[in-house]
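Structure record follows, encoded as structure tokens.
The values are calculated or read from the model by the stated rules, or taken from the named source; none is laboratory data. What you see is a predicted model; the values in this text were computed from it and never measured. Virtual Cβ from ideal backbone geometry, glycine too; neighbours counted across all protein chains shown. Accessible surface areas use protein heavy atoms only, side chains included; no ligands, DNA or RNA. Shrake-Rupley method; radii C 1.70, N 1.55, O 1.52, S 1.80 Å.
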Amino acid sequence: MDSAVVNTVPPVDAAMALAVAGQGPAFLPAFSQSTPGTMGIELELMVLDRLTYDLLPAAPDILRLLNKTKRSWVATPEITTSMLEVATSILNNYEDALSEVEEIRSTVLRAAFDVGAAISGGGAHPFQRWNEQRIYPKERYRESARKYGYLAKMFTVFGMHVHIGMPTADDAIRVCAGLTQRAPLFIALSANSPCWQGEDSGFSSARSNVVGAFPMSGTMPGHIRSWRDFVDHFDRLAQHGIVKSIKDFYWDVRPKPEYGTIELRVLDTPLRPAYAAAFASYARELCLEMLHSPTRWVDDGARDLYVWNRFNAAKGGIEAQWIDPYSGVASPIREVVRDDLAKLALRSTDPHFAAARRVIEDLLDAGGQAGWLKEHIADGASMNDVARVASEAFEAPFPSSLQRWSVTPGAEAR
Amino acid sequence: MDEVLSNIELLLLSPLAAIGAALLLSQVIGVALQRRGLPKLYGAVVAGLALGTSGVGMVDAPLLGQFQELLNAASALVLFEVGRKMDLGWLCRSKRQGLALGLGCLARGVVCALLLWLFGVPLVEAALIGSILIAVNPVVYASMTSDSQASGVVTYAGANALGLSNLLGLLALSVSLAWLRASDLALGSTLFDELIKQSVKLMLGALIAVFCYGAYAVANRIAKAQASVRPGILLAALLMDLGLCSVSSSSSLVSLLLMGLLLRNAESRENVFQAQIRTGQEIGYALLFMMSAALVDLKQLAGWLPVLLALLLFAVRMLVTRLSLAVSDAWSPGKKNAMAITLCSLASVGSLVVDTSIAQTTGMSGLAANVMGALLALNVLVAPALTWWGLRLAGEVREGE
């Protein structure tokens, strides 16, 4: 009986894999249910040369060593060989998240060190040249390189994605739309890529500008207000051959039906893994609040407002202004985040959310990660030096889950 | 008219013009080879063979002798770059990887020396050649990685093995040289005297390195120098080091190697100097290698025993390196094979070790001298190609190359 089913209906995973690889028909799986508020974190990490701190194409060697270790999280390749992606298991709260990202940090560092590489967080490498990057030797990535041309190598940028579990497909679409409006806050909060191709870009998150070059980037269209709407939209694009799987949508926030989550995709990979846990907790609390609040859809004009908010956040980081799409009131992002955290702390059931809040507030007080890197540049640091201090920040362990800690480890090495 | 012709003749006889012409030829041939996807360094090989001892004899040992000081400085600067790429922290803390690379260096020397001894080379001479065979040729390795724009774990480990092998090679060479001199009855000195003499040279070189690095660090602090201006201060310190080594007859090779090592490891912000003078470096490599090739006498490859022994030593060195890498499991078997091949080149008395004291070494028996000659010829002809192939085997060259 089982074998008959297998013979007539292709397994979902196989169909999905073929669609993602661009080798099978378009495929959108049904939305899996998941426990609201569970979360997962994906981090794209830089693999660096320990001498020059330039990108080093050693991800395959590091993955070979990681694959020998027993762990609950996963490590996978990315489009170029200087990128390494790690993804946590399903997490329930800040404490879980912190302990797992710290375990990932130490394990990945050890494997990288063994082959003579360093690891760093950060959204974009300060001085890498896109044309010097090498496509990972795997058919899926070669296909991407053929499809997107130079954009594939330009996509050597490093982001953090947060998955939040949603109970139903319609809830996922509703929260997806709500979280999208607040995505610029996360761009600002995580911004740490002020340099691009060897120059000070004038932005706090230069990485944020790279994704916009891809088709299907931006935000989920405003007319999608239910899972049915989304499926119709997918089918329409699939008929034209524009999309084959959910992975072809480079939206800032998108549903992820196979996991039963929505995925926030705008963050620069934090310089310290512990920030990732704190940012994910903030996103999780926001989503839970939206899930249990009445639906608020933005009007058609909000799209331009979003683009402006996004640009401002990428440019100015936490010093930028954010225009509330519902009220139209402009406020400093720093204040909006603080207000959010205070409000969410009142309703949060996570006993450790206060610790996550403290990490974020310390970061806001210190001027943000981009501000810290810009200080180094202003002090006369070379681009190699900027890459080095970022790598040293990643290497510094988090002292203890509930302790206050320094935002700028290794600053004395300047 | 006669005066003009005589002037032209004079120009052609100028040692500098002859070297310049050889370098020009090596660059032209090198670029043509590179366009066909072949290693550019072979331009220097062809030019050196054509114009050197094996060819028309325009660039020969007496001519190169006029540039001895320059050659010494160039070789020492190459070793500085080697030291600068040595990551002591990684070599020590990675444990198995550092051990594998160190073991490879020592095993190369010991096994080669034993092999030579078995083939009838006197033990003292076998030890001297064994010491030389510890070292990997920095010009071949650096030039090939630069030419192929290689980058990755094999390239990184190779750079560390290169530094380690040259450091250990220089130390072993001092001991074996002392032994060789002590066994020369004409000199009338004891092994202890010779060891002291060699140690003083090394120690003095090390002290000069520490002093010059200190001067560099102090100058940076006083000037509060930013990254962009630190290379200028560094160049001044390097010149100082070379000058002090020259007047004190201490080992400039050890001194400059240590300068690089200190720069790389003493302070983390100095890890990040980018080569601003890459073109200059590449021309320097081509010049040094062209000079090495010019000294190659292809007749050395005529005798079957020295050639056979040289080929055997070449193969055994690679095998021993590969076996030593088995100590670590950080690299895949394919990468280990590639690493053993990329580290196949060897330094020689005639090319890398141009330290005056060693260049003046005499008294090698016929077989030892012939084996060294054949090894040098093989090194010039084969090692760049093998290194180039090894980097491709590792998959660490730039895409499309």
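For B:VAL28 and B:LEU171, FRET efficiency with R0 = 51 Å and r from the beta-carbon atoms, rounded to 0.05? Kindly include the intermediate steps, with their values, before the conclusion.
Values: r = 40 Å, r/R0 = 0.78.
Calculated value: 0.80.
Please find the FRET efficiency linking B:VAL382 to B:ALA219, where r is the Cβ-Cβ separation and R0 is fixed at 45 Å, and quote it to the nearest 0.05.
Values: r = 44 Å, r/R0 = 0.98.
The value I calculate is 0.55.
Quote the total accessible area buried by chains A and B together, excluding ligands, DNA and RNA, probe 1.4 Å, nearest 100 Å². Intermediate values should be presented prior to the final figure.
Details: alone 16960 and 18020 Å², together 32400 Å².
The A and B chains share an interface burying roughly 2600 Å².
Please list, in order along region A:368-379, the HN-Hα scalar couplings obtained from phi with the Karplus expression 6.51 cos²θ - 1.76 cosθ + 1.60 (θ = phi - 60°), rounded to whole Hz, x for Gly and Pro.
Once θ is set to phi - 60°, the couplings for region A:368-379 become x, 5, 5, x, 5, 5, 5, 4, 4, 5, 4, 7 Hz.
Where Rh is the Kirkwood radius over the Cα pairs of chain B, the temperature 20 °C and the viscosity 1.002 mPa s, what D in µm²/s does Stokes-Einstein return? Walk me through the intermediate numbers first.
On the way: Rh = 21.7 Å.
Estimated diffusion coefficient is 99 µm²/s.
In whole Hz and in residue order, list the ³J(HN,Hα) couplings for region B:173-189 that follow from phi through the Karplus curve 6.51 cos²θ - 1.76 cosθ + 1.60, θ = phi - 60°; x for Gly and Pro.
5, 4, 5, 5, 5, 4, 4, 4, 5, 5, 7, 7, 4, 4, 7, x, 10
Where the accessible area of the protein assembly as shown is counted over protein heavy atoms with a 1.4 Å probe, how much of it, in %, is carbon and sulfur?
Values: 20030 of 32400 Å².
It is 62 percent, rounded to a whole number.
How would you rank A:280-286, A:148-154, B:203-209, highest first, on the average number of other Cβ atoms within 10 Å across their residues? Write out the running numbers ahead of the final one.
Values: A:280-286: 26.1, A:148-154: 15.7, B:203-209: 20.6.
Highest to lowest by the protection proxy: A:280-286, B:203-209, A:148-154.
What value, in deg cm²/dmol to 500, does the helix sum -39500 (n - 2.57) over DSSP H runs of n ≥ 4 give at 222 nm once divided by the residues of the protein assembly as shown? Walk me through the numbers on the way to the answer.
Numbers: 32 runs with 476 residues, N = 815.
Mean residue ellipticity at 222 nm (helix-derived): -19000 deg cm²/dmol.
Filter the trypsin sites (Lys or Arg not before Pro) in region B:191-230 down to the DSSP loop ones having no more than 12 other Cβ atoms within 10 Å, then list what survives.
Values: sites: B:LYS197, B:LYS201, B:ARG221, B:LYS224; in loops: B:LYS224.
Those satisfying the criteria are B:LYS224.
Normalised by the empirical 2.2 N^0.38 Å for globular proteins, what value does the Cα Rg of chain A take? Mind showing how you got there, number by number?
Numbers: Rg = 20.5 Å, N = 414, 2.2 N^0.38 = 21.7 Å.
Here the answer is 0.94, to two decimals.
Quick one: which residues, 5 or more positions from A:PHE31 or on another chain, have an amide H under 5 Å from its amide H? H modelled 1.01 Å from N in the peptide plane, none for Pro or chain starts.
none
Using a Förster radius of 41 Å, what is the FRET efficiency between B:VAL56 and B:TRP389 based on their Cβ-Cβ separation? Nearest 0.05, please. Each step should come with its number before you reach the end.
Numbers: r = 31 Å, r/R0 = 0.75.
The value I calculate is 0.85.
Using a cut-off of 12 Å between beta-carbons, work out the net charge of the residues near A:ALA278 (Lys and Arg +1, Asp and Glu -1, A:ALA278 not included). Walk me through the numbers before you get to the answer.
Working: positive: A:ARG272, A:ARG284, A:ARG357, A:ARG358; negative: A:GLU95, A:GLU285, A:ASP350, A:GLU361, A:ASP362.
Net local charge, A:ALA278 excluded: -1.
At 7 Å along Cα-to-Cβ for each site, give me the label-to-label distance between A:THR349 and A:TRP308 in nm.
3.9 nm
Give the average over all directions of the projected area of the C-alpha convex hull of the protein assembly as shown, one decimal, in nm². Before the final figure, lay out the partial values.
On the way: hull surface 172.2 nm².
For the Cα atoms of the protein assembly as shown, the hull's average projected area reads 43.0 nm².
Between A:ASP339 and B:LEU239, what is the label-to-label distance in nm when each label sits 7 Å out along the Cα-to-Cβ direction?
Taking the two extended label points, one gets 6.3 nm.
Rounded, prolate or oblate, given the Cα gyration tensor of region B:147-268, with a/c below 1.5 counting as rounded?
On the way: a/c = 3.19, a/b = 1.54, b/c = 2.08.
In terms of gyration-tensor shape, oblate.
Scan region A:163-248 for trypsin sites (Lys or Arg not before Pro) in coil per DSSP, keeping those whose Cβ has at most 16 other Cβ atoms within 10 Å, and list them by number.
A:ARG225
Just tell me how shielded A:52-62 is by partners: mean number of partner chain Cβ atoms within 10 Å of each residue's Cβ, no decimals. Don't skip to the answer; put the middle values down first.
Working: counts 7, 3, 3, 1, 6, 9, 7, 0, 5, 8, 2.
Shielding by partners across A:52-62 averages 5.
Distance in nm between label sites at B:ARG398 and B:ALA326, each 7 Å beyond Cα in the beta-carbon direction?
It works out to 3.8 nm between the two label points.
Please give the per residue accessible area of the protein assembly as shown, computed with a probe of 1.4 Å over protein heavy atoms only, in Å². Spell out each step's value before the answer.
On the way: 32400 Å² over 815 residues.
For the protein assembly as shown, the per-residue accessible area is 40 Å².
Return the whole-Å distance between the Cα centroid of region B:314-328 and the Cα centroid of region A:185-223.
48 Å
Which of the three applies to region B:85-226, rounded, prolate or oblate, going by the alpha-carbon gyration tensor with a ≥ b ≥ c and a/c under 1.5 meaning rounded?
On the way: a/c = 2.51, a/b = 1.32, b/c = 1.90.
Here region B:85-226 falls in the oblate category.
How big is the charge dipole of chain B about its Cα centre, in debye rounded to the nearest 20, if each Lys and Arg gets +1 on its Cβ and each Asp and Glu gets -1 on its Cβ? Kindly include the intermediate steps, with their values, before the conclusion.
Values: 25 positive and 22 negative charges, 296 e Å.
Rounded to the nearest 20 debye, it is 1420 debye.
Cα centroid distance between region A:122-143 and region B:30-66, in Å?
First find each Cα centre; the distance between them is then 38 Å.
Loop-only check: which trypsin sites (Lys or Arg not before Pro) in region B:93-136 are DSSP coil with at most 16 other Cβ within 10 angstrom?
Numbers: sites: B:ARG93, B:LYS95, B:ARG96, B:ARG108; in loops: B:LYS95.
Qualifying residues, ordered by number: B:LYS95.
How big is region A:73-152 along each principal axis, measuring the range of its Cα positions in Å and listing the largest first?
42, 27, 22
Between rounded, prolate and oblate, where does region A:1-148 land on the alpha carbon gyration tensor, with a ≥ b ≥ c its root eigenvalues, rounded for a/c under 1.5, else prolate if a/b exceeds b/c?
Details: a/c = 2.14, a/b = 1.37, b/c = 1.57.
It comes out oblate by the Cα gyration axes.
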